[in-house]
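Read-outs: derived from the displayed coordinates by stated rules, not from any lab. All values reported here derive from a predicted model rather than from experimental measurement. Cβ atoms come from the backbone with ideal geometry, glycine included; neighbour counts cover every protein chain shown.
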Amino acid sequence: MVNADDKTGPEREYEYWSLEIRRGALSMAILAIILNGESYGYDIMKKLNQESYESLQVEPSTTYPLLRRLEKRGMLEGRWSTGSGKRKRLYYVTRDGRRILRRMVKSWRGMNDQLAQLFTEAGIK
């Protein structure tokens, strides 16, 4: 019997797989949220933490490093805003970010469709 706290073997593989899938999904989610406008990190977290996005809920310790990574890779650009007296970073999707997001979504949908077919053939519901 496998202990739920045991992070070896199959359980460790599941944790690794889950982390990798979540990273990609969160990158796409963040880009999609701010695709047609600008947004602050806090507003992005608020959107993802809505009940209808239960699988995408995030903490600040995940959100801000991910925003910095997307900015460093040229998918987002940010600028400092002092609109409410507090200095906050406002993010928007770059032209390259838009192009790559379209490719990511196309790839994600293709993989999802193909995996669904394989699951059906294997009798997995």
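Counting Lys +1, Arg +1, Asp -1, Glu -1, what net charge surrounds D43 among other residues with beta carbon under 12 Å of its beta carbon? With Lys, Arg at +1 and Asp, Glu at -1, the net is +3. Kirkwood analysis of the chain, using all unique Cα-Cα pairs, places the hydrodynamic radius at 16.6 Å. Note on the chain: Lys pairs 8 or more places apart or on different chains, Cα atoms under 30 Å apart, count 14.
Within a Cβ distance under 13 Å of R79, other residues only, what is the Lys/Arg minus Asp/Glu net charge? It works out to a net charge of 0. Across the chain, the relative contact order, built from alpha-carbon pairs under 8 Å that are at least six residues apart, equals 23 percent.
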